[in-house]
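The values are calculated or read from the model by the stated rules, or taken from the named source; none is laboratory data. Note that the structure is predicted; figures quoted are calculated from it, not measured. Virtual Cβ from ideal backbone geometry, glycine too; neighbours counted across all protein chains shown. The accessibility values were calculated without ligands, DNA or RNA, using every heavy atom of the protein model including side chains. Shrake-Rupley method; radii C 1.70, N 1.55, O 1.52, S 1.80 Å.
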Amino acid sequence: MKLFDIISTASTNTFRSKLRTILTILAIFIGAFTLTLTTGLGKGISHYIDDQLGSLGAEDVLLIMPTTDNGFSSPNDPPKTYDATKKTQNIESEGNRTIALMTEADLEKFRKIDGIESVTAYRQAAMDYVSGPNNQKLVGNLNLLLDGEKHATEVGQMPTNDSDVPQMMIPSNYAKALGFTDAGASVNQQITIGLTNGRGDAVTLAIANVGVSQKSILTSGFIYVNQAAMNKLVTLQNQGAPDSVSKYFQVATARLKSELPASKLTQVKADLKKLGFDGMTVQDQIGVIKTVINGIIAVLNGFAIIALLAAGFGIINTLLMSVQERTKEIGLMKAMGMNSGKIFLLFSFEAVILGFWGSFLGVMFAVATGFGINQILMNGLLKDLSGLQPLSFTLQSVAPIVAIVMGLAFAAGTLPAIRASRQDPINSLRYE
Amino acid sequence: MHQASRTLIQADHISKTYGRGTNAFTALSEVSLGVHEGETIAIVGKSGSGKSTLMHILALLDSPTAGVLSVNGKLASDMSSRDLARLRNQTFGFVFQQFFLNASSSVLDNVMLPLKIAGMGRRQRKQRALEVLEQVDLADKAKANAGDLSGGQKQRVVIARALVNDPKIIFADEPTGNLDSATGQLVENLLFRLNSERGITLVIVTHDADLARRCNRQVFIKDGQIATPVRRVTI
């Protein structure tokens, strides 16, 4: 029998017992549907993170922090001894956590590492409030824009570190709250940032707002300033403070040589580790978030796979019944010269066809449902988060699901198919 | 039929035993029989006599426990199961008492089955099947469901199916057993016409004495053995 005839015969046979076939397909459908939705969710979220933060990305920027050697430790580890050579700081806001600090001398060491182009101390001013034309004082989260970091803007541009003029960017919901008629009206206007200096006096600095960032769950309420603005703010904040405050800092940013190969990057990180510091690219930081999300998605996928395994037993059951019912037919085909291998294929293909229809319909239905859910969420709950598509499907992500289910169905079909292929034509045809 | 005609199947001292030890049951013992080209043989016996087992062995559906079987001069024991399957597909046709038609498929699909197994192309096998249906006067039923036909029509479809691969031998197991005498007669006539017009050898298992009498030879099986000497009739 030719392969095409085997497939078409198997296809016809599959639908001979319609109700049973439909129920089996339904079981596979449920599994494939769930698996498609959970992988779609994983894809959607990781796409979103990539879009929002991946652009942050400049692969060539490394954040350097002292390897934390603080009071926290695993319950099984002995408490660590104090190292007088390491300057530490106690941060109350983070639950009295002791964090290590670094000095200009450390930066010199970093500059000597092969692969590092330049190093700057990452100094962060603590903002008290931000205020605009209506003189409302609003709290916010002040951030230095790193080299190469990108954010989607609603209007205007992002601040740039190439400029010596202080620049800032406010999130879209701040524009109206600060007293501008709309986001557009805030561009190229001065916005005041209030801080407290070392003497405890309230001081302010007006900075030109060059753009408004799009809403995002990851950076909501983040006010970005360029290096020039941050330098001025830090100087202002450190007025009257003891020297030690400006001498020590928590984080440095290093710019890597361009086109640095991944192996070299690993070497740079290892060199930093030897000095007692951790180097992290933005990708590494996103990697941590992604690992958590991937873990959650893996658990969800696990449930879908359990459903598919259950469906696999459904296939075995269905085909065993088919083999039983068609004993005489199998005997007849063998008597007429069909060999065992082809009988095996005939029943295996039947399993694969069940798998195909179950998974194909499941995937199609899941994609349609996914688009529906996306529409509802994007017009409702997630309306303000531009660019977030909770469920994302591509041919490359759904085609393997169909392939995997067909493979699983083939595996499930082997037992009944072997049973069919081993049937003795005489016993099958015997009548008395 | 004269002595010089070619021997298609030669069985020498064939025995078939089912089970082992004290439960062993001997269905055939020391049976020798030659099937010659163009002849008609009736294998006659009561149910349980071993006549069906003999036919199954001759038709290569079953293998003997002891004895030698050769087909076209080649030993069956030397052939692989794949070779045996091909031989059955190309040289044998089967007619069963219980028809074994796929009731939910069309008459045409049922008749085409041996050609489909042989790997013949779709167009070719359809044409061939229609020719054969013509020969059994059922061309107009080609598209009908096999399950909707009468008994006589079903058996004619079965004969068409047996004929479709242009066999040398047709094995018929109680071909008229499920039919009334008038339809049975029609089916018998059809089979014997194939023998006389096209030289197809017939091996018919039956307990119908009238049908047996129409054959060149009758082989009487009793308790797994040939009961009377083989009577040869020359035509």
**OP:** Pick out, from the stretch A:187-257, the strands (runs of 3 or more DSSP E) lying fully within it that include 2 or more residues that are more than 30 Å from residue A:113 (Cβ to Cβ) and modelled with pLDDT of 90 or more.
**Re:** A:189-196, A:202-213
Original post:
Could you count how many residues in the stretch A:182-214 are open to solvent by 10 Å² or more (accessible area, probe 1.4 Å) and under 30 Å from residue A:243 (Cα atoms)?
Top reply: 13
Subject >> Residues located in the stretch B:11-23, provided they are in a strand (DSSP E or B) and either surrounded by fewer than 19 Cβ atoms within 10 Å (Cβ to Cβ) or more than 20 Å from the chain's Cα centre (by Cα) (or both) >> reply: B:12, B:13, B:15, B:17, B:18
**OP:** Give the residues of the stretch A:323-339 that are more than 7 Å from chain B (Cβ to nearest Cβ) and either not acidic (Asp, Glu) or not in a helix (DSSP H, G or I) (or both), sorted by residue number.
**Re:** A:323, A:324, A:326, A:327, A:330, A:331, A:334
Original post:
Does residue B:43 count as surrounded by 13 or more Cβ atoms within 10 Å (Cβ to Cβ) and either over 18 Å from the mean Cα position of the chain (by Cα) or at positive phi (or both)?
Top reply: no
Original post:
Within the group A:343, A:353, which residue is open to solvent by less than 40 Å² (accessible area, probe 1.4 Å), within 14 Å of another protein chain (Cβ to nearest Cβ), part of a helix (DSSP H, G or I) and farther than 17 Å from residue A:45 by Cβ?
Top reply: A:343
**OP:** Note down all Cβ pairs under 7 Å where the first residue falls in the stretch B:198-224 and is charged (D, E, K, R), the second is at pLDDT below 90, and they're at least six residues apart or on different chains.
**Re:** B:208/B:176; B:217/B:230; B:217/B:231; B:217/B:232; B:217/B:233; B:222/B:45; B:222/B:49; B:223/B:49
Subject >> residue B:51 vs. criteria open to solvent by less than 30 Å² (accessible area, probe 1.4 Å), within 14 Å of chain A (Cβ to nearest Cβ) and either farther than 17 Å from residue B:212 by Cβ or not small (Gly, Ala, Ser) (or both) >> reply: yes
Original post:
Which condition breaks for residue A:237 when tested against (1) in contact (Cβ under 8 Å) with a residue 40 or more places away in the chain; (2) more than 16 Å from residue A:197 (Cα to Cα)?
Top reply: (2)
**OP:** Give the residue, chosen from B:189, B:195, that is in contact with a Ser or Thr (Cβ under 6 Å, 6 or more places away or on another chain) and surrounded by fewer than 22 Cβ atoms within 10 Å (Cβ to Cβ).
**Re:** B:195
**OP:** Return a yes/no flag: does the stretch B:75-86 have any residue that is in contact (Cβ under 8 Å) with a residue 60 or more places away in the chain and either within 14 Å of another protein chain (Cβ to nearest Cβ) or within 30 Å of residue A:6 (Cβ to Cβ) (or both).
**Re:** no
Original post:
What about residue A:400, is it open to solvent by less than 80 Å² (accessible area, probe 1.4 Å), over 30 Å from residue B:174 (Cβ atoms), part of a helix (DSSP H, G or I) and not hydrophobic (A, V, I, L, M, F, W, C)?
Top reply: yes
Subject >> The listed residue being over 14 Å from residue A:336 (Cβ atoms), open to solvent by less than 60 Å² (accessible area, probe 1.4 Å) and not in a loop (DSSP other than H, G, I, E, B), out of B:130, B:108, B:115, B:87 >> reply: B:108
**OP:** Tell me which residues, restricted to the stretch B:1-10, are in contact (Cβ under 8 Å) with a residue 40 or more places away in the chain, surrounded by fewer than 21 Cβ atoms within 10 Å (Cβ to Cβ) and aliphatic (A, V, I, L, M).
**Re:** B:1
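Yes or no, residue by residue, for (1) in the same structural domain as residue A:216 (by TED's automatic domain parsing); (2) among the aromatic types (Phe, Trp, Tyr); (3) at pLDDT below 85:
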| position | (1), (2), (3) |
| --- | --- |
| A:104 | no, no, yes |
| A:110 | no, yes, no |
| A:134 | yes, no, no |
| A:169 | yes, no, no |
**OP:** Would you please name the residue that is least open to solvent (accessible area, probe 1.4 Å), looking only at residues in the stretch B:137-149 that are in a loop (DSSP other than H, G, I, E, B) and either of a type in the set (D, E, K, R) or modelled with pLDDT under 90 (or both)?
**Re:** B:137
**OP:** Restrict the check to the stretch A:366-389 and report whether at least one residue is more than 14 Å from every other protein chain (Cβ to nearest Cβ), buried (at least 23 other Cβ atoms within 10 Å of the Cβ) and of a type in the set (Val, Ile, Thr).
**Re:** no
**OP:** Exactly one condition in (1) part of a strand (DSSP E or B); (2) open to solvent by less than 30 Å² (accessible area, probe 1.4 Å) is not met by residue B:26; state its number.
**Re:** (2)
Original post:
Does the stretch A:354-363 contain any residue that is touching a residue at least 40 places away in the same chain (Cβ under 8 Å) and either more than 25 Å from residue A:33 (Cβ to Cβ) or touching a Gly at 6+ places or on another chain (Cβ under 6 Å) (or both)?
Top reply: no
**OP:** Check whether at least one residue in the stretch A:347-361 is farther than 29 Å from residue B:117 by Cα and among the charged types (D, E, K, R), and report yes or no.
**Re:** no
Subject >> Checking residue B:180 against (1) within 14 Å of chain A (Cβ to nearest Cβ); (2) out of contact with any helix residue (DSSP H, G or I) (no Cβ under 7 Å at 6 or more places or on another chain); (3) not polar (S, T, N, Q), the condition it does not meet >> reply: (1)
Original post:
When residue A:362 is evaluated against the numbered criteria (1) more than 11 Å from every other protein chain (Cβ to nearest Cβ); (2) crowded, with 16+ Cβ neighbours inside 10 Å; (3) more than 26 Å from the chain's Cα centre (by Cα), which criterion, by number, is the only one it fails?
Top reply: (3)
Subject >> Every residue from the stretch B:118-127 that is of a type in the set (Lys, Arg) and open to solvent by 30 Å² or more (accessible area, probe 1.4 Å) >> reply: B:122, B:123, B:126
Original post:
In the set A:330, A:316, A:343, which member is of a type in the set (A, V, I, L, M), farther than 30 Å from residue A:50 by Cβ and in contact with a Gly (Cβ under 8 Å, 6 or more places away or on another chain)?
Top reply: A:316
Original post:
Could you list, in sequence order, the residues of the stretch A:304-315 that are under 26 Å from the mean Cα position of the chain (by Cα) and surrounded by 13 or more Cβ atoms within 10 Å (Cβ to Cβ)?
Top reply: A:304, A:305, A:307, A:308
